[in-house]
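**Q** Okay, handing you the structure first.
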Amino acid sequence: MNASAAATNTQAGVGITAVAVTMARAMESARADRMFHDPYAQSFVDAAETVLGADEWASLVAWVDLFYSRGVVRTRFVDDFVCEAAAGGCTQVVLLGAGLDARAFRLPLPDADVFEVGTPSLFAFKDKVLADAGALPTSRSRTVVRADPHGDFAARLADSAFDPGRPTAWVAEGVLPYLTAEQARHLVNDVGRLSAPGSRLVFEHSDKPGPDPRAAVSARTTPGADRISTMVRGGLGAEGRDWVAARGWSIETTERGALGPLYGRPDDRLAGGQFVIATRD
Ligand SMILES: C[S@@+](CC[C@H](N)C(=O)[O-])C[C@H]1O[C@@H](n2cnc3c(N)ncnc32)[C@H](O)[C@@H]1O
């Protein structure tokens, strides 16, 4: 594992950022007015609590306090993206930096093969929790690909049942910001090489230079949350959407702030970012 992967890992080998967004999903799933249901999120959180250090736990609680609304709106948007892409002919779904994403076990994907890219230590944790919960894939198949999302994942995918000739829905959810610009561009270039026409890629974007200033200040000054914010490397950056558009992708942008009201949950803290769906020309 390289240095940046190690930096995002907890003492237990499961990424602390992955546990944080999963905690938000567990809280959302328990609400009467939930905007999605992740039946495994609470099991992941419970298992993580037994292995995380107290300081790690405190930091992810602080992070969730700040970024709950963003995490759950993003989850719902990506859920819809995956289902619509699969219905539209993307019969492969690749979750890059899959973390504790349980979409292969909770979304109706009977005609799609799901590939999860993550580190070996992540899958050791994740697959034990899923097995203990008796989880069965709701996708046609689920394949684990042990690799860094920006490292050798393309070669590892090629060694699996993945077929670059079939249109693919690629999910880069909460992953690019933890990579440097060079790593993020490398990842998107690899995705492009493996994408048949009609393939789609979803990622989050902000056209402000650097992190959203309000969120960045909160993340730095809220005790504990700084532990996660210091992991952010910036990803594709403010030019990311244009950079992707210049490399053979057609771009569709959705304002994150517009989704809150659409999902019945308006929230000022959603402003300042976009979701990008890129379709391979
Ligand atoms: C915020 S989590 C998101 C996880 C998942 N996409 C989801 O939405 O549930 C970020 C993920 O990226 C992974 N990640 C970030 N940088 C990485 C790297 N250099 N190598 C391996 N994994 C990395 C983390 O371990 C974690 O699983």
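The values are calculated or read from the model by the stated rules, or taken from the named source; none is laboratory data. Predicted model only: the values in this text are computed from it and were never measured. When we count neighbours, we look across all protein chains shown, and the Cβ atoms used for this are built from the backbone with ideal geometry, even at glycine.
**Q** Do you know which of the residues in the stretch 116-142 that are among the β-branched types (Val, Ile, Thr) and more than 17 Å from the chain's Cα centre (by Cα) is farthest from the ligand (Cβ to nearest atom)?
**A** The initial filter retains those residues of the stretch 116-142 that are among the β-branched types (Val, Ile, Thr), namely 117, 119, 129, 138.
Narrowing the set further to residues that are more than 17 Å from the chain's Cα centre (by Cα) leaves 129, 138.
Working: 129: 13, 138: 16 Å.
The selected residue is 138.
**Q** On to the next question. Evaluate the stretch 225-239: report whether one residue or more is small (Gly, Ala, Ser) and at pLDDT 95 or above.
**A** no
**Q** Scan the stretch 256-272 residue by residue and report those that are touching a residue at least 12 places away in the same chain (Cβ under 8 Å) and either surrounded by 13 or more Cβ atoms within 10 Å (Cβ to Cβ) or of a type in the set (Lys, Arg) (or both).
**A** Taking the stretch 256-272 and keeping what is touching a residue at least 12 places away in the same chain (Cβ under 8 Å), we get 256-257, 259-260, 263-265, 267, 269-272.
Across the stretch 256-272, the qualifying residues are 256, 257, 259, 260, 263, 265, 267, 269, 270, 271, 272.
**Q** Follow-up question, since we're still on this one. Please specify each residue of the stretch 195-215 satisfying the condition of being surrounded by fewer than 20 Cβ atoms within 10 Å (Cβ to Cβ) and modelled with pLDDT of 95 or more.
**A** Within the stretch 195-215, the subset surrounded by fewer than 20 Cβ atoms within 10 Å (Cβ to Cβ) is 196-198, 207-215.
Within the stretch 195-215, 196, 197, 198 qualify.
**Q** Still on this model: Name the single residue that is nearest to residue 181 (Cα to Cα) among those in the stretch 143-168 being within 15 Å of the ligand (Cβ to nearest atom), assigned to a loop (DSSP other than H, G, I, E, B) and touching a strand residue (DSSP E or B) at 6+ places or on another chain (Cβ under 7 Å).
**A** 149
**Q** Moving on to the next point. Let me spell it out: the conditions are (1) in contact with a Gly (Cβ under 8 Å, 6 or more places away or on another chain); (2) surrounded by 18 or more Cβ atoms within 10 Å (Cβ to Cβ); (3) not basic (Lys, Arg), and residue 275 meets all of them except one. Which number is the exception?
**A** If we test residue 275 against (1) in contact with a Gly (Cβ under 8 Å, 6 or more places away or on another chain); (2) surrounded by 18 or more Cβ atoms within 10 Å (Cβ to Cβ); (3) not basic (Lys, Arg), just (1) comes out false.
**Q** Moving to a separate point now. Restricting to the stretch 177-193, what's the tally of residues that are crowded, with 17+ Cβ neighbours inside 10 Å and outside any helix (DSSP H, G or I)? Please lay out each step first, then the result.
**A** To start, the set of residues in the stretch 177-193 that are crowded, with 17+ Cβ neighbours inside 10 Å comprises 177-179, 183-185, 187-188, 190-192.
From what's left, outside any helix (DSSP H, G or I): 179.
Residues in the stretch 177-193 being crowded, with 17+ Cβ neighbours inside 10 Å and outside any helix (DSSP H, G or I): 1 in total.
**Q** If the requirement is being charged (D, E, K, R), part of a loop (DSSP other than H, G, I, E, B) and either more than 16 Å from residue 124 (Cα to Cα) or at pLDDT 95 or above (or both), which of these qualifies: 55, 38?
**A** On the way: 55 fails: part of a loop (DSSP other than H, G, I, E, B).
On inspection, the qualifying residue turns out to be 38.
**Q** Now, a different point. Assess whether residue 171 counts as being closer than 30 Å to residue 111 by Cα, in contact with a strand residue (DSSP E or B) (Cβ under 6 Å, 6 or more places away or on another chain), within 14 Å of the ligand (Cβ to nearest atom) and not in a loop (DSSP other than H, G, I, E, B). Can you show your working first?
**A** On the way: closer than 30 Å to residue 111 by Cα: yes; in contact with a strand residue (DSSP E or B) (Cβ under 6 Å, 6 or more places away or on another chain): yes; within 14 Å of the ligand (Cβ to nearest atom): yes; not in a loop (DSSP other than H, G, I, E, B): yes.
So residue 171 passes the test.
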